[in-house]
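This report concerns only the one structure given below.
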Amino acid sequence: MKKILSKKIAARFAALSIAVAALALFSSCYIRAEDKRDAERSISVSGTGSVSVKADQATINVAVVTYNRSVIEAARINAETVAKVHGALADAGFAPDSITTNSYRIWQDSSYRNGVQVRGDYRVSNSIQIVTMDPRKAGTAIDAAVKAGANEFSSIEFSSTKIDNALREARTLAIKNAAEAANLMAKTAGAELGKIISIQESGAPTHAARVEGAKLMAANDFATPINAGDNLVTVTVYCVYELK
(Lines give C-alpha, C1' and ligand atoms only; values in the text may rest on other atoms or scores of the structure.)
Protein backbone atom coordinates (compact mmCIF):
# COMPACT_ATOMS: atom_id res chain seq x y z
CA MET A 1 0.00 0.00 0.00
CA LYS A 2 2.82 2.40 0.88
CA LYS A 3 4.57 1.63 -2.41
CA ILE A 4 1.40 2.47 -4.38
CA LEU A 5 1.00 5.81 -2.53
CA SER A 6 4.64 6.67 -3.14
CA LYS A 7 4.26 6.04 -6.85
CA LYS A 8 1.13 8.23 -7.01
CA ILE A 9 2.86 11.10 -5.14
CA ALA A 10 5.90 10.83 -7.41
CA ALA A 11 3.73 10.89 -10.50
CA ARG A 12 1.83 13.97 -9.29
CA PHE A 13 5.09 15.76 -8.40
CA ALA A 14 6.52 14.99 -11.84
CA ALA A 15 3.40 16.35 -13.55
CA LEU A 16 3.51 19.49 -11.41
CA SER A 17 7.19 20.03 -12.29
CA ILE A 18 6.46 19.72 -16.01
CA ALA A 19 3.62 22.24 -15.72
CA VAL A 20 5.81 24.75 -13.87
CA ALA A 21 8.59 24.34 -16.42
CA ALA A 22 6.18 24.85 -19.30
CA LEU A 23 4.76 27.99 -17.67
CA ALA A 24 8.25 29.41 -17.12
CA LEU A 25 9.18 28.71 -20.74
CA PHE A 26 5.99 30.39 -21.97
CA SER A 27 6.60 33.45 -19.73
CA SER A 28 10.20 33.71 -20.92
CA CYS A 29 9.18 33.58 -24.56
CA TYR A 30 6.46 36.17 -23.94
CA ILE A 31 8.84 38.59 -22.22
CA ARG A 32 11.45 38.21 -24.96
CA ALA A 33 8.80 38.77 -27.62
CA GLU A 34 7.64 41.94 -25.84
CA ASP A 35 11.23 43.17 -25.50
CA LYS A 36 11.83 42.52 -29.18
CA ARG A 37 8.68 44.40 -30.19
CA ASP A 38 9.71 47.34 -27.96
CA ALA A 39 13.16 47.43 -29.51
CA GLU A 40 11.65 47.50 -33.00
CA ARG A 41 9.47 50.48 -32.13
CA SER A 42 12.27 53.02 -32.11
CA ILE A 43 14.28 55.02 -34.61
CA SER A 44 17.96 56.06 -34.46
CA VAL A 45 19.12 59.25 -36.19
CA SER A 46 22.07 61.64 -36.16
CA GLY A 47 22.12 65.41 -36.40
CA THR A 48 24.94 67.91 -36.98
CA GLY A 49 25.23 71.57 -36.07
CA SER A 50 28.04 73.95 -37.03
CA VAL A 51 28.72 77.51 -35.91
CA SER A 52 31.49 79.80 -37.17
CA VAL A 53 33.17 82.05 -34.61
CA LYS A 54 35.86 84.66 -35.15
CA ALA A 55 39.29 83.85 -33.72
CA ASP A 56 40.26 86.42 -31.08
CA GLN A 57 43.39 84.79 -29.62
CA ALA A 58 46.69 83.57 -31.06
CA THR A 59 49.26 81.35 -29.34
CA ILE A 60 52.74 81.33 -30.90
CA ASN A 61 55.53 78.94 -29.89
CA VAL A 62 59.13 79.67 -30.91
CA ALA A 63 62.44 78.49 -29.48
CA VAL A 64 66.06 79.50 -29.13
CA VAL A 65 68.39 76.55 -29.75
CA THR A 66 72.13 76.97 -29.13
CA TYR A 67 74.99 74.49 -29.23
CA ASN A 68 78.61 74.37 -28.09
CA ARG A 69 81.27 71.86 -27.08
CA SER A 70 80.88 73.21 -23.55
CA VAL A 71 77.50 72.80 -21.88
CA ILE A 72 78.13 75.91 -19.79
CA GLU A 73 78.87 77.99 -22.86
CA ALA A 74 75.84 76.63 -24.72
CA ALA A 75 73.60 77.55 -21.76
CA ARG A 76 75.16 81.00 -21.45
CA ILE A 77 74.66 81.85 -25.13
CA ASN A 78 71.08 80.55 -24.94
CA ALA A 79 70.27 82.68 -21.88
CA GLU A 80 71.62 85.82 -23.52
CA THR A 81 69.66 85.19 -26.72
CA VAL A 82 66.42 84.43 -24.89
CA ALA A 83 66.79 87.68 -22.94
CA LYS A 84 67.11 89.53 -26.26
CA VAL A 85 63.96 87.79 -27.57
CA HIS A 86 62.00 88.78 -24.47
CA GLY A 87 63.21 92.37 -24.81
CA ALA A 88 62.30 92.52 -28.49
CA LEU A 89 58.80 91.19 -27.79
CA ALA A 90 58.33 93.74 -25.01
CA ASP A 91 59.45 96.53 -27.37
CA ALA A 92 56.89 95.24 -29.92
CA GLY A 93 54.11 95.79 -27.39
CA PHE A 94 53.67 92.35 -25.82
CA ALA A 95 53.09 92.36 -22.05
CA PRO A 96 55.52 90.38 -19.84
CA ASP A 97 52.75 88.06 -18.60
CA SER A 98 51.94 87.09 -22.20
CA ILE A 99 55.49 85.74 -22.72
CA THR A 100 56.21 82.49 -20.88
CA THR A 101 58.70 79.61 -20.95
CA ASN A 102 57.08 76.54 -22.46
CA SER A 103 60.00 74.14 -22.02
CA TYR A 104 63.75 74.08 -21.34
CA ARG A 105 66.01 71.22 -22.43
CA ILE A 106 69.74 70.36 -22.45
CA TRP A 107 71.15 67.34 -24.27
CA GLN A 108 74.31 66.19 -26.00
CA ASP A 109 74.45 65.11 -29.62
CA SER A 110 76.08 61.78 -30.37
CA SER A 111 76.75 59.53 -33.33
CA TYR A 112 78.36 56.15 -34.03
CA ARG A 113 81.49 55.61 -36.12
CA ASN A 114 82.67 52.07 -36.69
CA GLY A 115 80.50 50.93 -33.79
CA VAL A 116 81.97 53.49 -31.40
CA GLN A 117 79.85 56.26 -29.88
CA VAL A 118 81.20 59.73 -30.59
CA ARG A 119 80.07 62.55 -28.34
CA GLY A 120 79.09 65.79 -30.06
CA ASP A 121 78.07 69.30 -29.07
CA TYR A 122 75.77 70.16 -26.21
CA ARG A 123 72.45 71.67 -27.24
CA VAL A 124 70.24 73.93 -25.17
CA SER A 125 66.62 74.64 -26.19
CA ASN A 126 64.42 77.25 -24.56
CA SER A 127 60.85 77.25 -25.92
CA ILE A 128 58.96 80.54 -25.62
CA GLN A 129 55.18 80.89 -25.80
CA ILE A 130 53.55 84.19 -26.75
CA VAL A 131 49.81 84.73 -26.32
CA THR A 132 48.07 87.71 -27.89
CA MET A 133 44.41 88.67 -27.80
CA ASP A 134 44.84 90.30 -31.21
CA PRO A 135 45.55 87.61 -33.84
CA ARG A 136 46.67 90.34 -36.25
CA LYS A 137 49.80 90.73 -34.09
CA ALA A 138 50.90 87.10 -34.58
CA GLY A 139 53.15 88.04 -37.49
CA THR A 140 54.65 90.87 -35.45
CA ALA A 141 55.50 88.45 -32.63
CA ILE A 142 57.20 86.02 -35.00
CA ASP A 143 59.21 88.77 -36.70
CA ALA A 144 60.36 90.29 -33.40
CA ALA A 145 61.41 86.90 -32.01
CA VAL A 146 63.28 85.87 -35.15
CA LYS A 147 65.17 89.15 -35.45
CA ALA A 148 66.25 88.84 -31.80
CA GLY A 149 67.63 85.33 -32.26
CA ALA A 150 64.81 82.74 -32.12
CA ASN A 151 65.75 80.03 -34.63
CA GLU A 152 63.03 77.40 -34.28
CA PHE A 153 59.28 77.69 -34.84
CA SER A 154 57.04 75.13 -33.13
CA SER A 155 53.46 76.18 -33.85
CA ILE A 156 50.86 78.91 -34.10
CA GLU A 157 47.28 78.26 -33.07
CA PHE A 158 44.19 80.46 -33.29
CA SER A 159 41.29 80.10 -30.87
CA SER A 160 38.28 82.01 -29.56
CA THR A 161 37.28 83.03 -26.06
CA LYS A 162 33.63 82.79 -27.21
CA ILE A 163 33.88 79.07 -27.96
CA ASP A 164 31.43 78.09 -25.18
CA ASN A 165 28.61 80.17 -26.67
CA ALA A 166 29.30 78.74 -30.10
CA LEU A 167 29.28 75.22 -28.66
CA ARG A 168 25.83 75.77 -27.12
CA GLU A 169 24.50 77.05 -30.45
CA ALA A 170 25.99 74.10 -32.31
CA ARG A 171 24.38 71.63 -29.86
CA THR A 172 20.98 73.27 -30.32
CA LEU A 173 21.29 73.09 -34.10
CA ALA A 174 22.39 69.45 -33.94
CA ILE A 175 19.39 68.42 -31.80
CA LYS A 176 16.99 70.26 -34.12
CA ASN A 177 18.61 68.62 -37.13
CA ALA A 178 18.20 65.17 -35.59
CA ALA A 179 14.56 65.84 -34.64
CA GLU A 180 13.72 66.97 -38.19
CA ALA A 181 15.30 63.84 -39.64
CA ALA A 182 13.45 61.59 -37.18
CA ASN A 183 10.09 63.28 -37.91
CA LEU A 184 10.57 62.96 -41.65
CA MET A 185 11.50 59.28 -41.47
CA ALA A 186 8.68 58.45 -39.05
CA LYS A 187 6.00 60.14 -41.17
CA THR A 188 7.33 58.56 -44.35
CA ALA A 189 7.07 55.15 -42.67
CA GLY A 190 3.50 55.87 -41.50
CA ALA A 191 4.41 56.13 -37.83
CA GLU A 192 4.30 58.85 -35.20
CA LEU A 193 7.37 60.11 -33.37
CA GLY A 194 7.35 59.63 -29.60
CA LYS A 195 9.61 60.78 -26.79
CA ILE A 196 13.39 60.78 -27.07
CA ILE A 197 15.02 57.75 -25.43
CA SER A 198 18.72 58.61 -25.53
CA ILE A 199 21.19 61.23 -26.79
CA GLN A 200 24.93 60.85 -27.40
CA GLU A 201 27.25 63.66 -28.47
CA SER A 202 30.49 63.78 -30.37
CA GLY A 203 32.44 66.67 -31.82
CA ALA A 204 34.97 69.33 -30.91
CA PRO A 205 35.91 72.84 -32.01
CA THR A 206 38.02 72.93 -35.15
CA HIS A 207 40.70 75.61 -35.01
CA ALA A 208 40.97 77.94 -37.96
CA ALA A 209 44.70 77.33 -38.37
CA ARG A 210 47.55 75.48 -36.77
CA VAL A 211 50.99 75.51 -38.35
CA GLU A 212 53.73 73.36 -36.87
CA GLY A 213 57.41 72.59 -37.10
CA ALA A 214 59.81 74.80 -38.98
CA LYS A 215 63.37 75.98 -38.62
CA LEU A 216 63.64 79.76 -38.73
CA MET A 217 66.36 81.28 -40.85
CA ALA A 218 68.08 84.62 -40.33
CA ALA A 219 65.73 87.56 -40.00
CA ASN A 220 64.89 89.68 -43.02
CA ASP A 221 63.16 93.00 -43.55
CA PHE A 222 59.85 91.51 -44.67
CA ALA A 223 56.79 91.25 -42.43
CA THR A 224 55.34 87.78 -41.89
CA PRO A 225 51.71 87.68 -43.16
CA ILE A 226 49.37 85.73 -40.85
CA ASN A 227 45.61 85.36 -41.39
CA ALA A 228 43.64 83.98 -38.46
CA GLY A 229 40.36 83.11 -40.18
CA ASP A 230 37.43 81.67 -38.23
CA ASN A 231 36.93 78.75 -35.86
CA LEU A 232 34.31 76.25 -36.98
CA VAL A 233 32.59 74.56 -34.04
CA THR A 234 30.86 71.33 -35.08
CA VAL A 235 28.78 69.01 -32.90
CA THR A 236 27.15 65.72 -33.92
CA VAL A 237 24.49 64.03 -31.82
CA TYR A 238 23.10 60.49 -32.06
CA CYS A 239 19.47 60.23 -30.89
CA VAL A 240 17.08 57.36 -30.37
CA TYR A 241 13.35 58.21 -30.52
CA GLU A 242 10.33 56.14 -29.56
CA LEU A 243 7.86 55.32 -32.34
CA LYS A 244 4.17 55.28 -31.52
**Request:** Express the carbon and sulfur contribution to the solvent-accessible surface of the range 136-185 as a percent, rounded to the nearest whole number, probe 1.4 angstrom.
**Result:** 52
**Message:** If each residue of separation counts as 0.36 nm, what is the full-extension length gain between S44 and V131 once their alpha-carbon separation is subtracted?
**Reply:** 27.0 nm
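The values are calculated or read from the model by the stated rules, or taken from the named source; none is laboratory data. Just so it is clear, the model here is predicted, and its values are computed rather than measured. Surface accessibility is based on the protein's heavy atoms, side chains included, excluding ligands, DNA and RNA. Shrake-Rupley method; radii C 1.70, N 1.55, O 1.52, S 1.80 Å.
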